[in-house]
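Report on the following structure.
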């Protein structure tokens, strides 16, 4: 029996999605094997694949990640973390401030990199006062996941949203004359700090660690600030110049690599070697798979089913998209989910004749924060749990969820309520 192209793309996407749900290895290979099967079956062509990839998003991702890697190596973030700890009134307050700092950093730096930046300081605090580092590393991971959605360059789902809609860096702050996703995420972050405060408040000891970090260079900090400023200033020209955001990020990345090569060639090679190439290929492949769903009408079918489930109510549709995103992203990588659901949200909005941004912001909030519920819901969580395991601290599902679940529910409730109040 010959499969229809529609059945083929549904079947391949589901198989790849299940693989991604149960394995955190070979993500890039998995999506491209799926794409290859669709080529063989004739469901898509190489031309379709190339046109499905959002090259602006790819440029932003590659450039921002390179600059972030250089920022990590400069040791400025670790220095800031030590500075905060040594000026805190207690260990509990130090834990809270370090978690908050990881959130602030992750608004501009990829989440896994943020964990790698801040975790050594957290482990040093815990070792010095002889307490378990588990709650602190969980707090760092979930804080970084939350605020990664606040800006265009903080996390791949934000980049994907911008790629599909044409939103610029400034649009994440104010868009169409209204407050945008940044303010929703920050309000959610402030509310979620209450959960971390309750968890950390028992540690009333004085917090002091030896100031060991020496800043290697301020140049990467300048590159990150310059890239952010360039994205902000160029927002007005983004509609006229294709892929402008990606070009800007890549220019700053290349400039950083040239500077690092002139200063220390081996470090540049290390940056390129440690670069997250797998996620880069994974992201490109996901665009191809989701593009096949759109091309064969699967997205329209999903949109119709969600619209029927919500009974045509805008609020019910919005709530369903938000909390469905939370649930799915608690167990599955949010990149394929967001990439698939943004066209769904756009289709639903077009069907009822309204702006899509209410639904799109709801999907972004739910998917970005929902991964905080479980230790497998986000790459930053997996990294944090792995670092703990290497030091003999085994963190099970329920120990992680004890912190991640209330943190996520409060953050999503506050952020989604804000978006409904402004965009509903």
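The values are calculated or read from the model by the stated rules, or taken from the named source; none is laboratory data. Since this is a predicted model, take the numbers as computed values, not measurements. For neighbour counting, all protein chains shown are included, and Cβ atoms are generated from backbone atoms with ideal geometry for every residue, glycine included.
Things worth noting here:
- Restricting attention to segment 94-134, the residues being within 23 Å of residue 369 (Cα to Cα) and surrounded by fewer than 21 Cβ atoms within 10 Å (Cβ to Cβ) number 5.
- Considering 117, 125, the condition of being assigned to a helix (DSSP H, G or I), modelled with pLDDT under 75 and farther than 24 Å from residue 159 by Cβ is satisfied by 125 alone.
Here is a yes/no grid of residues against (1) more than 30 Å from residue 55 (Cα to Cα); (2) more than 13 Å from the chain's Cα centre (by Cα):
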position: 97; (1), (2): yes, yes
position: 106; (1), (2): no, no
position: 112; (1), (2): no, no
position: 121; (1), (2): yes, yes
position: 125; (1), (2): yes, yes
position: 132; (1), (2): yes, yes
position: 146; (1), (2): no, no
position: 159; (1), (2): no, no
position: 170; (1), (2): no, yes
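- Residue 217 at pLDDT 85 or above, under 24 Å from residue 66 (Cβ atoms) and touching a helix residue (DSSP H, G or I) at 6+ places or on another chain (Cβ under 9 Å): yes
- Residue match in segment 164-184 (condition: modelled with pLDDT of 85 or more and closer than 30 Å to residue 133 by Cβ): no
Condition check ((1) within 30 Å of residue 343 (Cβ to Cβ); (2) modelled with pLDDT of 85 or more) across all residues:
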residue: 132; (1), (2): no, no
residue: 135; (1), (2): no, yes
residue: 144; (1), (2): yes, yes
residue: 156; (1), (2): yes, no
residue: 159; (1), (2): yes, yes
residue: 162; (1), (2): yes, yes
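- Remark: pairs (first residue in segment 337-356, on the phi < 0 side of the Ramachandran plot and free of Cβ contacts under 8 Å to residues at least 12 places away in the same chain; second residue outside any helix (DSSP H, G or I) and surrounded by fewer than 20 Cβ atoms within 10 Å (Cβ to Cβ); Cβ separation under 9 Å; 6+ apart in sequence or on different chains) = 349/355; 349/356; 350/356.
- In segment 198-217, the residues that are farther than 16 Å from residue 130 by Cβ reach residues that are at pLDDT 70 or above and part of a loop (DSSP other than H, G, I, E, B) with C-beta atoms within less than 7 angstrom, at least six apart or across chains, in these pairs: 211/86; 213/75; 214/75; 215/75; 216/75.
- The residue that is nearest to the chain's Cα centre (by Cα), counting only those in segment 325-346 that are more than 18 Å from residue 10 (Cα to Cα) and in a helix (DSSP H, G or I), is 334.
- Matching option when the condition is buried (at least 24 other Cβ atoms within 10 Å of the Cβ) and not in a helix (DSSP H, G or I), among 377, 362: 377
- Flag for residue 149 being touching a helix residue (DSSP H, G or I) at 6+ places or on another chain (Cβ under 7 Å) and either crowded, with 21+ Cβ neighbours inside 10 Å or farther than 23 Å from residue 88 by Cβ (or both): yes
- So residue 322, is it part of a loop (DSSP other than H, G, I, E, B), buried (at least 19 other Cβ atoms within 10 Å of the Cβ) and in contact (Cβ under 8 Å) with a residue 60 or more places away in the chain: no
- Spans of helices (runs of 4 or more DSSP H) in segment 242-305 with at least 2 residues without any contact (Cβ under 8 Å) to a residue 60 or more places away in the chain and either within 21 Å of the chain's Cα centre (by Cα) or more than 24 Å from residue 344 (Cα to Cα) (or both): 244-263, 265-274
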